[in-house]
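The values are calculated or read from the model by the stated rules, or taken from the named source; none is laboratory data. The model shown is predicted, which means the values in this text are computed figures rather than measured ones. Cβ coordinates were reconstructed from backbone atoms using ideal geometry, including for glycine residues, and neighbour counts include every protein chain displayed. Only protein heavy atoms, including side chains, enter the accessible area calculation; ligands, DNA and RNA are left aside. Shrake-Rupley method; radii C 1.70, N 1.55, O 1.52, S 1.80 Å.
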Amino acid sequence: GNSVTQMEGPVTLSEEAFLTINCTYTATGYPSLFWYVQYPGEGLQLLLKATKADDKGSNKGFEATYRKETTSFHLEKGSVQVSDSAVYFCALIPDNYGQNFVFGPGTRLSVLP
Amino acid sequence: SQTIHQWPATLVQPVGSPLSLECTVEGTSNPNLYWYRQAAGRGLQLLFYSVGIGQISSEVPQNLSASRPQDRQFILSSKKLLLSDSGFYLCAWCQGTGQETQYFGPGTRLLVL
């Protein structure tokens, strides 16, 4: 079946540190891949997405590249801020019509000043 | 533009009482609608989804039920709440035409005492 694996954390970084949150997936065909962010007490917001191999999604300084060969979609940011503290979810939707989203367990990030 | 609303934002209910959570979407027609639950510090669990009025699919057996009385309205209900029903309930929608992004509401925090 389809699944998403990501480091659960928590990840604690100092402000301006480099961030990587690993995400790998299992799916047949060509799923679309997503990163969502959840700030405390709020719903999930789409952060970025990629729909085909080698695509790079980017938003707010975050980037992730769709790597078909390693079935990965790692999230990176060159310099994190305190305001980036949140839970980050990696997700996929399979390319078969009618399939639902599959979410990873989420990674909690805390950025200290 | 499309918006998604959930209410109430917060709810405290005694064990054994009924529940009704509401989700509405504006600015689109015939969306796919979803109910997720997020237990404290945990990932997302898909509870129900709907591809049309009156069409409900259940992902996990629960003492919860869902209904879609109108195209853009999705209701989560229970006749008798359990302690284990406590959590953060998220409604989401997507256009359902393919590998589409899901957009989430602000969530309802439910505490069952």
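When B:Gly87, B:Gly96, B:Gly105, B:Gly52 are checked against the criterion of being over 29 Å from A:Glu8 (Cα atoms), in contact (Cβ under 8 Å) with a residue 40 or more places away in the chain and within 14 Å of chain A (Cβ to nearest Cβ), a single residue qualifies: B:Gly96.
Considered as a group, the residues in region B:78-98 that are surrounded by fewer than 19 Cβ atoms within 10 Å (Cβ to Cβ) and charged (D, E, K, R) include one that is nearest to B:Gly16 (Cα to Cα), and that residue is B:Lys80.
Of the residues examined, A:Gly1 is one that is in a loop (DSSP other than H, G, I, E, B), of a type outside the set (Phe, Trp, Tyr) and within 25 Å of B:Phe48 (Cα to Cα). Per this entry, A:Gln99 is counted among residues that are at the interface with another protein chain (Cβ under 10 Å from one of its Cβ atoms), open to solvent by 20 Å² or more (accessible area, probe 1.4 Å), within 23 Å of B:Arg42 (Cα to Cα) and touching a residue at least 12 places away in the same chain (Cβ under 8 Å).
Find the residue count for region B:9-40, including only residues that are open to solvent by 50 Å² or more (accessible area, probe 1.4 Å), part of a loop (DSSP other than H, G, I, E, B) and among the polar types (S, T, N, Q). Matching residues across region B:9-40 total 2. Within region B:59-84, being among the charged types (D, E, K, R) and either within 13 Å of the chain's Cα centre (by Cα) or in a strand (DSSP E or B) (or both) holds for B:Glu59, B:Arg68, B:Arg72. The number of residues in region A:6-55 being open to solvent by 30 Å² or more (accessible area, probe 1.4 Å) and within 12 Å of the chain's Cα centre (by Cα) comes to 8.
Between a residue in region A:8-32 that is closer than 26 Å to B:Cys94 by Cβ and any residue that is among the acidic types (Asp, Glu) and open to solvent by 40 Å² or more (accessible area, probe 1.4 Å), which pairs come within a Cβ distance under 7 Å, given they are 6 or more apart or on different chains? These pairs meet every condition: A:Gly29/A:Asp95; A:Tyr30/A:Asp95; A:Pro31/A:Asp95. Residues that are closer than 22 Å to B:Leu44 by Cα and polar (S, T, N, Q) within region A:13-27 comprise A:Thr20, A:Asn22, A:Thr24, A:Thr26, listed in sequence order. A Cβ distance below 6 Å, combined with a sequence gap of six or more or placement on separate chains, defines the contacts here; from region B:1-13, residues that are touching a residue at least 60 places away in the same chain (Cβ under 8 Å) reach residues that are open to solvent by less than 80 Å² (accessible area, probe 1.4 Å) and of a type in the set (Gly, Ala, Ser) in the pairs B:Gln2/B:Gly27; B:Ile4/B:Gly105; B:Gln6/B:Gly105. What about A:Ser79, is it open to solvent by less than 60 Å² (accessible area, probe 1.4 Å) and farther than 24 Å from A:Leu112 by Cβ? No: the conditions fail for A:Ser79. Of the residues in region A:28-53, how many are touching a Pro at 6+ places or on another chain (Cβ under 6 Å) and within 15 Å of A:Lys77 (Cβ to Cβ)? Qualifying residue count for the region: 0. In the set B:Gly105, B:Gly54, only one residue is touching a strand residue (DSSP E or B) at 6+ places or on another chain (Cβ under 7 Å) and crowded, with 17+ Cβ neighbours inside 10 Å; that residue is B:Gly105.
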